[in-house]
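Enquirer: Just dropping this structure here.
The values are calculated or read from the model by the stated rules, or taken from the named source; none is laboratory data. Just so we're clear, the structure is a prediction, and the values are computed from it rather than from any experiment. Note: ideal-geometry Cβ built from the backbone for every residue, glycine included; neighbour counts use all protein chains shown.
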Amino acid sequence: MRPFLAACQLQLRLSARIPDDLMVLATVPLYTVMFLWMVKYAGRLDLLGYALLAPVLIALWAMALFVSGEIVERDRAAQVLESLLVTPTAFPLVVFARITTVTVCGLGAFLEVLVVSRLVFGVTLSIRHPGVFFLTLAATTLAMAGTALIMSAIFVLQRGARIFQNSLSYPFYVLGGVLVPTAYLPSWLRPITQVVFLSWASDLLRDSLLSRPVGAVPFRVGMILGLGVGSLVLGWLLLNRLVTRARGLGTVAMA
Amino acid sequence: MKGISNTLRTLRYAALVGIQDFRAAYTWRTWLSGWLVRVLAQVVFFAFVGSLLRSHERTYYLLIGNTTMLASISALLVISWTTWERRAGTLSLLIAAPTSALPVLLGRSVQWVVDGALISSIAFYGVGLLFRLPMRWPNVLLVAPLLVVVAATTYMFGAFLAALVLQRIGVRNLAFNITYLAMMSICGVNVPVTFLPGWLQTLANLLPLTHGLNAIRALLSGSPVAAVVGSLGMEVGVGLGWLTLAILVFGVTLEKTRMDGSLEFAD
């Protein structure tokens, strides 16, 4: 547990000094205002919850993609990867702890949305099923961290993959039903959305805002957790492979 | 006359450097499967909001707004790409050279105007067909040239921001993201400018994209030619205004750093 906490502390200090790490949080108010204007202009105040949740999910995904995904690559560039790999602590554990820290910081977007919507529009997020909402948010955070672990490994293992880093934003906002539920997508796309944990998370979060009972909560939370844990395991294995390969070939600096 | 010829030659070489930078970042394969897919998904994301609102009219409005926005997003990359000259360590050499560094800084990201016009045109005609956007013939053919204008005017605005960011290159990505999201919010992309508070309408009218988008919407709705030309003229005027400011700010920055040698020590 100590290495985990130390890695969390390290990441907090690093992120506080790198403006780009917190850039995503600077964009949250703009997304919030833009989405709220869209639903207000359309006269669809029943969709306020959609407009308020979307910036949070976008922020969490963007943090995973652009901050967490960069962690190993940044360590390599700063030439501290070698030192990290010779420590007795499991490398994936350190990376996972740092990613979890970034993801939890990303939850600051939720507070931002609440403040901006209140101050600018005088509206607030009404959560009718707080238990379901916060349980889903916790499961989403874990799944996001697991997904980010895969990204951090792939961006180092496959240098060519980094060019696609920026490309993993909007396609996943569509497939994850971040603003528009996946039920509105063409039927041929829907099977793909089922393996994107964001689609389960966004649907369940939206349902938890409504007064009607939320159905199949254990199954839906289970799907988010299942996909999240699956990502975590895959990311862990990929990072281990990266370490083994780099150690074996003596190419850590060029990993 | 020789001065103009030299400036044009420098601009040409700067543009060639920009193209080489672009080719180093993207191949055709990665541009198509990475960048293009991402920007098309952005348009689709917003077009589906129209489906959520159960309104064809809103879908078309969002579709036109967000395809045009793509031209601006690409062009705004001038903010971060101009700083490459400093990050590569070549800016000091340019400042020391007898030729002005201004044409280099203004011309080295021009590839993003081409990219912006191209991706927004592909998105307009491609995603437009997908969502059955009514395409008034032959007006629809003029959308692509108008997208070139929007990309160019936004580039001029972006060059002004690049001049400001040149001494604070750590905030280049932040400046790019905040600017494009702000423009997306207030320039009539997702909601009409008239829906916004008065002070934001004033600001929106001073920014590129707003009038260009008006021209495109007017063109597609079959408005009189005068309305299209009027908006287009406003767009070009706004762009040239920002270009003038960009030249002034670049000039002041370059002169200051030439005098005190401070650029390499800036943030």
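Enquirer: May I ask you to verify whether A:Val113 is part of a helix (DSSP H, G or I), in contact with an Asp or Glu (Cβ under 8 Å, 6 or more places away or on another chain) and more than 30 Å from A:Arg247 (Cα to Cα)?
Expert: Considered against the rule, which asks whether it is part of a helix (DSSP H, G or I), in contact with an Asp or Glu (Cβ under 8 Å, 6 or more places away or on another chain) and more than 30 Å from A:Arg247 (Cα to Cα), A:Val113 comes out as no.
Enquirer: If you go through the stretch A:210-232, how many residues are surrounded by 13 or more Cβ atoms within 10 Å (Cβ to Cβ), farther than 13 Å from A:Thr136 by Cβ and over 16 Å from the mean Cα position of the chain (by Cα)?
Expert: The number of residues fulfilling the criteria is 1.
Enquirer: If you take the residues in the stretch A:136-168 that are buried (at least 18 other Cβ atoms within 10 Å of the Cβ) and of a type outside the set (A, V, I, L, M, F, W, C), which one is nearest to the other protein chains (Cβ to nearest Cβ)?
Expert: So, considering only residues that are buried (at least 18 other Cβ atoms within 10 Å of the Cβ) and of a type outside the set (A, V, I, L, M, F, W, C), the one nearest to the other protein chains (Cβ to nearest Cβ) is A:Ser167.
Enquirer: From the set of residues in the stretch A:169-197 that are assigned to a helix (DSSP H, G or I) and farther than 23 Å from A:Val28 by Cα, which is nearest to the other protein chains (Cβ to nearest Cβ)?
Expert: Filtering first and then ranking leaves A:Tyr184.
Enquirer: I've got another one for you. Which helices (runs of 4 or more DSSP H) sit wholly inside the stretch B:1-119 and have at least 1 residues that are among the polar types (S, T, N, Q)?
Expert: In the stretch B:1-119, B:2-25, B:37-52, B:56-76, B:78-82, B:91-96 are the helices (runs of 4 or more DSSP H) which contain 1 or more residues that are among the polar types (S, T, N, Q).
Enquirer: Which one of these is surrounded by fewer than 18 Cβ atoms within 10 Å (Cβ to Cβ), at pLDDT below 95 and within 14 Å of chain A (Cβ to nearest Cβ): B:Arg172, B:Arg132?
Expert: Step by step, each of B:Arg172, B:Arg132 is checked, and only B:Arg132 is surrounded by fewer than 18 Cβ atoms within 10 Å (Cβ to Cβ), at pLDDT below 95 and within 14 Å of chain A (Cβ to nearest Cβ).
Enquirer: Okay, moving on. Only one of these is touching a helix residue (DSSP H, G or I) at 6+ places or on another chain (Cβ under 6 Å) and small (Gly, Ala, Ser): B:Ser72, B:Ser33. Name it.
Expert: Exactly one residue qualifies, and that residue is B:Ser72.
Enquirer: So, in the stretch B:52-85, exactly how many residues are more than 20 Å from the chain's Cα centre (by Cα) and away from every other protein chain (no Cβ under 13 Å)?
Expert: 1
Enquirer: Residue under question is A:Val102, and the condition is that it be away from every other protein chain (no Cβ under 14 Å), touching an Asp or Glu at 6+ places or on another chain (Cβ under 8 Å) and touching a residue at least 40 places away in the same chain (Cβ under 8 Å); does it hold?
Expert: yes
Enquirer: Now for a different question. Given the residues A:Val72, A:Val80, which is the only one that is under 19 Å from A:Ala153 (Cβ atoms), more than 15 Å from the chain's Cα centre (by Cα), away from chain B (no Cβ under 14 Å) and surrounded by 22 or more Cβ atoms within 10 Å (Cβ to Cβ)?
Expert: A:Val72
Enquirer: Right, here's the next one. Could you please let me know if A:Val95 is more than 11 Å from chain B (Cβ to nearest Cβ), over 22 Å from A:Leu209 (Cβ atoms), at pLDDT below 85 and buried (at least 24 other Cβ atoms within 10 Å of the Cβ)?
Expert: no
Enquirer: Does the stretch A:3-26 contain at least one residue that is within 21 Å of A:Leu232 (Cβ to Cβ), aromatic (Phe, Trp, Tyr) and surrounded by 19 or more Cβ atoms within 10 Å (Cβ to Cβ)?
Expert: Within the stretch A:3-26, not a single residue is within 21 Å of A:Leu232 (Cβ to Cβ), aromatic (Phe, Trp, Tyr) and surrounded by 19 or more Cβ atoms within 10 Å (Cβ to Cβ).
Enquirer: Now a separate question. Filter the stretch A:190-215 for residues that are touching a residue at least 60 places away in the same chain (Cβ under 8 Å), closer than 22 Å to A:Ser169 by Cβ and of a type in the set (Ser, Thr, Tyr) and give the result.
Expert: Of everything in the stretch A:190-215, just one residue is touching a residue at least 60 places away in the same chain (Cβ under 8 Å), closer than 22 Å to A:Ser169 by Cβ and of a type in the set (Ser, Thr, Tyr), namely A:Ser202.
Enquirer: Scan the stretch A:47-67 for residues that are part of a helix (DSSP H, G or I) and more than 11 Å from chain B (Cβ to nearest Cβ) and jot them down.
Expert: If the condition is that a residue be part of a helix (DSSP H, G or I) and more than 11 Å from chain B (Cβ to nearest Cβ), then A:Leu48, A:Gly49, A:Leu52, A:Leu53, A:Val56, A:Leu57, A:Ala59, A:Leu60, A:Trp61, A:Met63, A:Ala64, A:Leu65 are the ones that fit.
Enquirer: Okay, next question. Quick one: A:Gly43 ticks every box in (1) at positive phi; (2) in a helix (DSSP H, G or I) bar one, so which box is it?
Expert: All conditions pass for A:Gly43, except number (2).
Enquirer: Separate question: Taking the options A:Ala7, A:Ala16, A:Ala42, name whichever one is farther than 26 Å from A:His129 by Cα and facing another protein chain (nearest Cβ under 10 Å).
Expert: A:Ala42
Enquirer: With the condition kept exactly as written, say whether any residue in the stretch A:102-122 is more than 17 Å from A:Tyr31 (Cβ to Cβ), charged (D, E, K, R) and either surrounded by fewer than 23 Cβ atoms within 10 Å (Cβ to Cβ) or out of contact with any strand residue (DSSP E or B) (no Cβ under 6 Å at 6 or more places or on another chain) (or both).
Expert: no
Enquirer: Further, regarding this structure: Have a look at B:Gly34, B:Gly18, B:Gly3 and point out the one that is within 14 Å of chain A (Cβ to nearest Cβ) and either modelled with pLDDT under 90 or surrounded by 21 or more Cβ atoms within 10 Å (Cβ to Cβ) (or both).
Expert: The unique qualifying residue is B:Gly34.
Enquirer: Sticking with this one: Given B:Val49, B:Val110, which one is within 11 Å of chain A (Cβ to nearest Cβ) and β-branched (Val, Ile, Thr)?
Expert: B:Val49
Results for (1) within 14 Å of chain A (Cβ to nearest Cβ); (2) under 29 Å from A:Tyr41 (Cβ atoms); (3) buried (at least 16 other Cβ atoms within 10 Å of the Cβ), shown as yes or no for each residue.
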site	(1), (2), (3)
B:Val140	no, yes, yes
B:Leu146	no, yes, yes
B:Leu164	no, no, yes
B:Arg168	yes, no, no
B:Asn177	yes, yes, yes
B:Asn190	yes, yes, yes
B:Trp199	yes, yes, no
B:Thr202	no, yes, no
